[in-house]
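Below is one structure; the comments refer to it alone.
The values are calculated or read from the model by the stated rules, or taken from the named source; none is laboratory data. Quick caveat: nothing in here was measured; it's all calculated off a predicted structure. Glycine gets a Cβ as well: all are built from the backbone with ideal geometry, and neighbour counts include every protein chain shown.
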There are 4 protein chains.
Amino acid sequence: MSDIYVPKPAELGYTFGGREPVRDLGPGEVRTVYTEDCFGGAVKTIDDLPTRVCQMPYLNPVTGPFYIDGAEPGDTLAVHFLDITPARDWGVSSTFPHFGALTSTHTTATLQPPLDEQVWMYPIDAAAGTVRFQARESDHTVDLPLEPMHGTVGVAPAGWQAISTITCDVHGGNLDTPELRAGTTLYLPVFVHGAMLALGDGHARQGQGEVSGVAVETAMHTTITVEVIKGASTPTPRLETSDGLLSIGCARPLEDAFRISQHDLVQWVSELTGLATLDAYQLVAQAGTAPVGNVCDPNYTMLARMPKALLRGAAAYEGAHERLRATPRPVSEVGVR
Amino acid sequence: MSDIYVPKPAELGYTFGGREPVRDLGPGEVRTVYTEDCFGGAVKTIDDLPTRVCQMPYLNPVTGPFYIDGAEPGDTLAVHFLDITPARDWGVSSTFPHFGALTSTHTTATLQPPLDEQVWMYPIDAAAGTVRFQARESDHTVDLPLEPMHGTVGVAPAGWQAISTITCDVHGGNLDTPELRAGTTLYLPVFVHGAMLALGDGHARQGQGEVSGVAVETAMHTTITVEVIKGASTPTPRLETSDGLLSIGCARPLEDAFRISQHDLVQWVSELTGLATLDAYQLVAQAGTAPVGNVCDPNYTMLARMPKALLRGAAAYEGAHERLRATPRPVSEVGVR
Amino acid sequence: MSDIYVPKPAELGYTFGGREPVRDLGPGEVRTVYTEDCFGGAVKTIDDLPTRVCQMPYLNPVTGPFYIDGAEPGDTLAVHFLDITPARDWGVSSTFPHFGALTSTHTTATLQPPLDEQVWMYPIDAAAGTVRFQARESDHTVDLPLEPMHGTVGVAPAGWQAISTITCDVHGGNLDTPELRAGTTLYLPVFVHGAMLALGDGHARQGQGEVSGVAVETAMHTTITVEVIKGASTPTPRLETSDGLLSIGCARPLEDAFRISQHDLVQWVSELTGLATLDAYQLVAQAGTAPVGNVCDPNYTMLARMPKALLRGAAAYEGAHERLRATPRPVSEVGVR
Amino acid sequence: MSDIYVPKPAELGYTFGGREPVRDLGPGEVRTVYTEDCFGGAVKTIDDLPTRVCQMPYLNPVTGPFYIDGAEPGDTLAVHFLDITPARDWGVSSTFPHFGALTSTHTTATLQPPLDEQVWMYPIDAAAGTVRFQARESDHTVDLPLEPMHGTVGVAPAGWQAISTITCDVHGGNLDTPELRAGTTLYLPVFVHGAMLALGDGHARQGQGEVSGVAVETAMHTTITVEVIKGASTPTPRLETSDGLLSIGCARPLEDAFRISQHDLVQWVSELTGLATLDAYQLVAQAGTAPVGNVCDPNYTMLARMPKALLRGAAAYEGAHERLRATPRPVSEVGVR
C-alpha cells in the first residue's frame, strides 16, 4: 500500500480549475489514490449533523489535480477505473437542509421550513459485499449491495473558470451517477495543459437520482490509469463499459440534461456507425436506455446508453477502453479487497 | 379467438372521460381485446407520412371504455396484463414534425424548421422474439428484442374532464413507459362510476424516454383482468411486478415528474413498512431506481422503483397483484403466440 | 340591470368543453353577465378556510358557455371587455395547501408539510378605486389600486376534450393575467360550432405571477361583445389593447410559456408588417416586454407584448379591436359604477 | 476625460473571481470607467459575424475588478449607477448560433441546424434619445428609446470559484436586466476581501427576456460610486430605485428564477415592515410585479418588485440608496456627450 497517494488536508481541492497540480500522472501509469468522503470525514456518528460539523465551502473535497503528461486543449482524456474500494468499514448518509429533490432548496425556494437534518450510518461488509441500512425510527434493517462508485471526477474547465466540486458540467465534476464504477472508462474533454484531473466523493452505493441529496458516502482507495486521445473532441462527459456507450448530460432543467445526453449519443452513434442522423436518432429511440444520475445537485445528470452490440463492431476512441482495461495492475496495489 | 373484442372504427376513443362504455368488465373476468396502433393503422409503408395519412385529432385511438362492475369513486382499479401480443408481423415508427425530445415543438417553440418527417418499418418476428431496425440511409440492420407493452391505459379523470389520449396524468393515459408489459399490474384511482377503463397504443418495444416521440407502434391482442380494491386511494398511477413496486409521475418539467414519482414511492414504502417518512426517504434514495418513461408527450413520465425484497414481506393493495397474476387463463384465449 | 345574466348554481361550469350552451350570443350584441368568484362565493370571512367551505371539483366556476352565432372551427373569436365591475364591496384572498409558487405542490412534491391555510379579506372602495390590504398578524394596512380583470375566459377545446377551468391552454381558460382588463380584446381560436365561450374568476386586482396562487377574488358584473373573424387562425390566445399586441403562452415549464408567447409574437409581427422572421425576432428582442401572468396554475402564462406604434399602422384581425371598442353601450347597462 | 479608467486589452476580464484587482475604489469615490461591448468591439458591420470575428472565451469582457476598500466577506456592497452613457454613436445586435430563447442551444439540444447568424447595426442618436432598428430584409425602420443599462455587474463569488462573465448567480454577473439603469443601486453580497467589483456588457437598450440572446450592445462610459454596508447579508442580488425594491433570481429553470426572486422579496418586505411571512407573501402576491430579465443566458433572471410606497417608510440598507444618489458628481466627469 506504500504507493497510495493520500492527500494532506491542505492538498484537498474544492474547485475544478484554479489550482496547481499535486502530482504528475503519465498515460499508462497505474495510480492508487485515497479520496475523502463528501463531508471531509467529519460526520462519524448520527449525532454529527453536517451543518454543525462541516463548514462551507469545505464540502466535497477532491484528490488532485493530477497533471496528465501530454494532455493539451482539444484532446480527450480517458480515465479508467481499475478499482474502487471503500477505505473504511462504514459509510454515512444524511438529509441536508435545502438540499435534495423532495425538499425546497435555495433555488426551488419555498416559504416552508426545511426538512429535518438527520444522519444514517451504514456498516460496510466488504466480504459480504453489502452495506446495511438501519432505520432511525424503527427496527427495519436491510442489506443493500455494495456497489462502489465515484460521484465526482473532472478536469479544469474552459475559460479560466474555477467551478465548485458540487457542480458538474462538460468538464465532469459532481456527476453523481452510479454508472461510474470500477471497470468503466470516463472520457473528458481537455481544456488546459495537463488536463488537471481530480476525483473524490466516493459512494458505497447510490440510488438513481440521489433523491435525498446524499448517497452512502465513504472514503475510497481508487486505482486509475489514463490515456490521452490526441485531437479527439468530446462534447460532454462520456462513459464506456464492457457492453455499453453512455453520454452524460449535465444541466437544469432535467429535460435539458436528458436532451444533451440523448443528442450526444445520437451524434456519437452516427459517427461510429455511419448512420445518418435521423437513422441514429431512430435507433437510439428504440434501443436506448436513460439511466438517471442525480436530480439534486446544481446541475442534474441524465445518461443515454446504447448497447455496443448494436454498433456492429465500431470502436469508440480507437479502442481506448479495451486497452485501458487490459492494463496490468501491480500485484500489491491495494490488496485490501 | 372468437372472444376477442375488436372495436369498430366508431367505437375507438380519443379521450379519457366524456364517453359511454362500449362493454362491461367484471372483476375476475379475463378479456382479450384488440387495440389499434397510434396511427389508427394508417401508416403502412415508409411513404405513408403520418401528417399526410392521419388527421388530428384522430391519433392514438383507445379501445374502450369498459365499465368495471363495482368500481366507484375513491376505489382503486387494479388492471393486470396477462398477455400483450402483436396482432401484426410489423410495427412502424416515424419522426413527427414538432414532436419528440430532440426537435423544437409547439411548446419548446423555436424559429427553426422542424426535423424532416420520416417513417421506419420494423418487421416483427414473434418466434425469434425480435423486431428489426433497418436504417433508411444505409444498410445498417439490427435485431432488437421484442418487448411488447402498452403506451396508453387509463380511466375517466376527475371533475367531468375529458382528456386527450395523447396526455397522461393521475388518471393514467399516455404513460408511454416500457415497464407496462405483460405480467404487470397497473393501479389507477377511480374517479367515476365504472372507472371507464380504456387502452391502446401498443409498442413492440420502446427505448427509455421515447426520445423521437414515436415507439415501434403496432396493433395488439391484449388479455387483461381486473380487480376493484374498495376504498383504497392511489394518488398517482402505480405498477407492481413480480419483484418491484413502481410509482409513476406525470408532469412537466421532468423534475416534477421525478418528484411526484419519488414522493409517492416514499409515502407508499412508508405505509407498507411502517418506516418513518425520513427513513423511507433514505431507503428509496439508496436502493431505488428511476426508470424513465417518456420525455416527449404533453406530460412526461418518470418512474420510481423499489425492490419488493427490501420491504420485508409487506404486500401492496392486500396482495392484489399475486391474486391477479394467478388468474386462470382460458385455454384458447389467444393462441397466436 | 334587468338584462344581466345571472347563472343559477346548476348552470355554473367547471370545464371548458363537454357542456351545453346556456345562452346564445350574437356578434355585435352587448351582454352583461354575473360571474362568481373562484370559491363560488363560499369564502366570506377569514374563518372560512377554502378547504373547509369548498369542495373539489366545485372550484373556479364559469358563467356560460355562450353559443356564439356563426362561429365555426377554424375561425377566431374576438371577445371585447367593455366593462368589468366588482359585484361586491369586498374581495377575498387566501393561501391554499399545495398551491402557489412558494410552497410545495402536488407536482413540485416535497416531504414538508404545506404552508398554513389563511384568508385575507379586502374591502373594495369603488369610488376611491382601491382595495385594502389588511395584514393578519400586524396593523399594516395599505390601499392598492382597484384594477378589475378576469382570470378565466375560454372556449371549448379541440378534440372532444373537456378541460378543468383551473387550467389554461390554447383554448384560453385560467389565464390569470392582469392584462385581461376592461378595454381589452381577447382573441381565441374556435374549435367547435358556436365556440362555447365562458368566463369567470374575477379579480379586483392581481400581482404579476399570482405568486400565492390566489388573487383578490370577487364576483363581477362584466359587459362583453364579440366578433367572429372568419377563417382567421389564432395559434395561442392573444390580446389587443389601445397601444399593444400581446401573445399569451400557456405551458410548463415557465420557459416554454415564455417561448410560446415570444414565438407567436414574432410570427404575428412578421405577418402584420412583412418583416422577415429574423427581422421580426430582432425587433421583438429589443422592443418587446414580457408581462408575467401566473406562475401557480397547472399551466403557467407568460405574455409577449409589442407596442403597436412600432408596427407602422398594421392592423390585427382587420381592425376588430377598433370596431369592438367603439360598440355603443346600452345606457342602463350596468349603472353601478 | 482624464479620470476615466479605460482598461488595456490585457486588463479585461472574462471571469468573476480568480483575478487580481486593476484598481482600488473607496466608498464615496466617484469613478467613471469605460466598458467594452460583449463582442470586445469586434463586430462593427453587418458582415462581422460574431462567430468569425470573436473567439471563445474572449466574449463579454468586464472592466475591473476593483478592490473596494473595507469590503469583507459578510458585508453587502451597494453600487450606485450615477450615469451610463454610450461611448459610441452605434450599437450592434445579432443572432448567435445555439444561443437565444427561440433556437435550440447546447443545453436545449435538438438535431436541427441552428438559426442563421445575422448582424443588425443600430445608429444611436444621443440627442434624440433613440436607437434605430433597421430591418435587414425590408425597409422597415423604427426608432426605439435609448435606455442605457449594464448587462453584467458582479463581484468575486464564494468558495474560490471563478465564474464566466456569461453566467449570473448570487454574485451578480450577467444579470441582463433592463432595470439596471442609471439612478439605480445594486446590492451584492461580498464573498472575498475587497469584493472585486467588475462590470461590462453595456446595452443601449434591451427588451424583457433578451429573447434573441443579444441586446443592442455598445461600449459605455459609466459613472459609479459605492458604499459598503458592514455585516448586512444579501442572499441574492437586489436593486433599489427611486420608487421600488427589486430582488433578482438567477437560475434555471425559469420558475426557479421566479421563485428565488419572489421568495427573497417576501423575506425582504417582511424584515423591513415587520409583516409576518404569510402577510408579506400576501402583499407581494397582490401588489408585486415580476419584470423579466433574461431568458437566454446560462442562468435566467427574473425580478420581483415591490413599490416602496407600500412599505410605510421603511428604508432598505439603512438608507444607502438615498445617500448614494445624492453623491456630488465631479463637474467635468463625463462631459463627452
Selection from the stretch B:113-149 of residues that are among the aliphatic types (A, V, I, L, M), out of contact with any helix residue (DSSP H, G or I) (no Cβ under 7 Å at 6 or more places or on another chain) and either surrounded by fewer than 16 Cβ atoms within 10 Å (Cβ to Cβ) or under 28 Å from B:L186 (Cβ atoms) (or both)
B:I124, B:A126, B:A127, B:A128, B:V131, B:L146, B:M149
Do the conditions hold for A:A135, that is, is it within 23 Å of A:G41 (Cα to Cα) and free of Cβ contacts under 8 Å to residues at least 12 places away in the same chain?
yes
Among the residues of the stretch C:255-306, how many are more than 7 Å from every other protein chain (Cβ to nearest Cβ), free of Cβ contacts under 8 Å to residues at least 60 places away in the same chain and not hydroxyl-bearing (S, T, Y)?
11
Would you pick out the residues in the stretch C:200-240 that are among the aliphatic types (A, V, I, L, M) and closer than 30 Å to B:T108 by Cβ?
C:V211, C:V214, C:A215, C:I229, C:A232, C:L239
Filter the stretch A:8-24 for residues that are surrounded by 14 or more Cβ atoms within 10 Å (Cβ to Cβ) and more than 19 Å from the chain's Cα centre (by Cα); the one that is nearest to the other protein chains (Cβ to nearest Cβ) is A:G18
Would you pick out the residues in the stretch A:53-68 that are among the β-branched types (V, I, T) and either surrounded by 18 or more Cβ atoms within 10 Å (Cβ to Cβ) or within 20 Å of the chain's Cα centre (by Cα) (or both)?
A:V62, A:T63, A:I68
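When you check A:G91 against the structure, is it of a type in the set (G, A, S) and buried (at least 19 other Cβ atoms within 10 Å of the Cβ), yes or no? Don't jump to the end; show me each part of the working.
Values: of a type in the set (G, A, S): yes; buried (at least 19 other Cβ atoms within 10 Å of the Cβ): yes.
It is true that A:G91 is of a type in the set (G, A, S) and buried (at least 19 other Cβ atoms within 10 Å of the Cβ).
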Condition first: outside any loop (DSSP other than H, G, I, E, B) and surrounded by 17 or more Cβ atoms within 10 Å (Cβ to Cβ). Now tell me which residues in the stretch B:25-52 satisfy that.
B:L25, B:V30, B:R31, B:T32, B:V33, B:Y34, B:T35, B:P50
Out of all the residues in the stretch C:69-91, is one or more within 22 Å of the chain's Cα centre (by Cα), touching a residue at least 40 places away in the same chain (Cβ under 8 Å) and under 30 Å from D:P253 (Cβ atoms)?
no
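Please go through the stretch D:170-196 and pick out each residue that is part of a strand (DSSP E or B), within 12 Å of the chain's Cα centre (by Cα) and at negative phi. Give the steps one after another, and end with the answer.
Here is the first cut: in the stretch D:170-196, the residues part of a strand (DSSP E or B) are D:172-174, D:181, D:185-189.
Next, from what is left, pick out any that are within 12 Å of the chain's Cα centre (by Cα): D:172-174, D:181, D:185-188.
Across the stretch D:170-196, the qualifying residues are D:N174, D:R181, D:T185, D:L186, D:Y187, D:L188.
Which one of D:T152, D:T165 is under 16 Å from A:Q161 (Cα atoms), among the hydroxyl-bearing types (S, T, Y), buried (at least 22 other Cβ atoms within 10 Å of the Cβ) and at pLDDT 95 or above?
Details: D:T152 fails: under 16 Å from A:Q161 (Cα atoms).
Result of the check over D:T152, D:T165: D:T165.
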Those residues of the stretch B:96-132 which are of a type in the set (A, V, I, L, M, F, W, C) and either without any contact (Cβ under 8 Å) to a residue 40 or more places away in the chain or assigned to a strand (DSSP E or B) (or both) amount to B:F96, B:F99, B:A109, B:L111, B:L115, B:V119, B:W120, B:M121, B:I124, B:A127, B:A128, B:V131
Could you list, in sequence order, the residues of the stretch C:210-252 that are farther than 24 Å from C:L311 by Cβ, within 14 Å of chain D (Cβ to nearest Cβ) and either over 13 Å from the mean Cα position of the chain (by Cα) or not in a strand (DSSP E or B) (or both)?
C:E210, C:V211, C:S212, C:G213, C:V214, C:A215, C:V216, C:T218, C:A251, C:R252
Residues that are more than 14 Å from chain D (Cβ to nearest Cβ), β-branched (V, I, T) and in contact with a Leu (Cβ under 7 Å, 6 or more places away or on another chain), drawn from the stretch A:88-110:
A:T95
Output the number of the condition that D:Q161 fails; it satisfies all remaining conditions of (1) within 13 Å of chain A (Cβ to nearest Cβ); (2) in contact (Cβ under 8 Å) with a residue 12 or more places away in the chain; (3) closer than 30 Å to C:H263 by Cβ.
(3)
Confirm whether D:A309 is within 12 Å of chain C (Cβ to nearest Cβ), surrounded by fewer than 17 Cβ atoms within 10 Å (Cβ to Cβ) and assigned to a helix (DSSP H, G or I).
yes
Give the residue that is farthest from B:D3 (Cα to Cα), with candidates limited to residues of the stretch B:306-337 that are among the charged types (D, E, K, R) and modelled with pLDDT of 90 or more.
B:K308
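Among the residues in the stretch D:323-330, are any touching a helix residue (DSSP H, G or I) at 6+ places or on another chain (Cβ under 8 Å), part of a helix (DSSP H, G or I) and not β-branched (V, I, T)? Quick ask: steps written out before the conclusion?
Initial filter on the stretch D:323-330 (touching a helix residue (DSSP H, G or I) at 6+ places or on another chain (Cβ under 8 Å)): none.
Within the stretch D:323-330 (the criterion being touching a helix residue (DSSP H, G or I) at 6+ places or on another chain (Cβ under 8 Å), part of a helix (DSSP H, G or I) and not β-branched (V, I, T)), the answer is no, since none of the residues qualifies.
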Quick check: is even one residue across the stretch D:213-234 touching a residue at least 40 places away in the same chain (Cβ under 8 Å) and within 27 Å of C:G213 (Cβ to Cβ)?
no
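Can you name the residue in the stretch C:171-193 that is closer than 17 Å to C:A251 by Cβ and touching a Leu at 6+ places or on another chain (Cβ under 9 Å) and, of all such residues, is surrounded by the fewest Cβ atoms within 10 Å (Cβ to Cβ)? Please lay out each step first, then the result.
Our first condition is that a residue be closer than 17 Å to C:A251 by Cβ; within the stretch C:171-193, this holds for C:171-177, C:188-189.
Going one step further and asking which of them are touching a Leu at 6+ places or on another chain (Cβ under 9 Å), we end up with C:171-172, C:175, C:177, C:188-189.
Details: C:H171: 25, C:G172: 27, C:L175: 27, C:T177: 27, C:L188: 26, C:P189: 23.
Among residues in the stretch C:171-193 that are closer than 17 Å to C:A251 by Cβ and touching a Leu at 6+ places or on another chain (Cβ under 9 Å), the one surrounded by the fewest Cβ atoms within 10 Å (Cβ to Cβ) is C:P189.
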Scope the stretch C:55-95; condition more than 14 Å from C:L197 (Cβ to Cβ), outside any loop (DSSP other than H, G, I, E, B) and among the small types (G, A, S); matching residues:
C:G91, C:S93, C:S94
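Every residue in the stretch D:111-143 that is under 22 Å from D:D297 (Cβ atoms) and away from chain A (no Cβ under 14 Å), please. Before the answer, list the steps.
Initially, the stretch D:111-143 is screened for residues under 22 Å from D:D297 (Cβ atoms), giving D:112, D:114-120, D:122, D:131.
The answer is D:L115, D:D116, D:E117, D:Q118, D:V119, D:W120, D:Y122, D:V131.
Could you grab me the full set of residues in the stretch B:104-127 that are touching a Phe, Trp or Tyr at 6+ places or on another chain (Cβ under 9 Å) and among the β-branched types (V, I, T)? Outline the logic, then answer.
Looking only at the stretch B:104-127, we keep the residues that are touching a Phe, Trp or Tyr at 6+ places or on another chain (Cβ under 9 Å), and these are B:105-106, B:111, B:114-115, B:117, B:120-124.
Of everything in the stretch B:104-127, those that are touching a Phe, Trp or Tyr at 6+ places or on another chain (Cβ under 9 Å) and among the β-branched types (V, I, T) turn out to be B:T105, B:I124.
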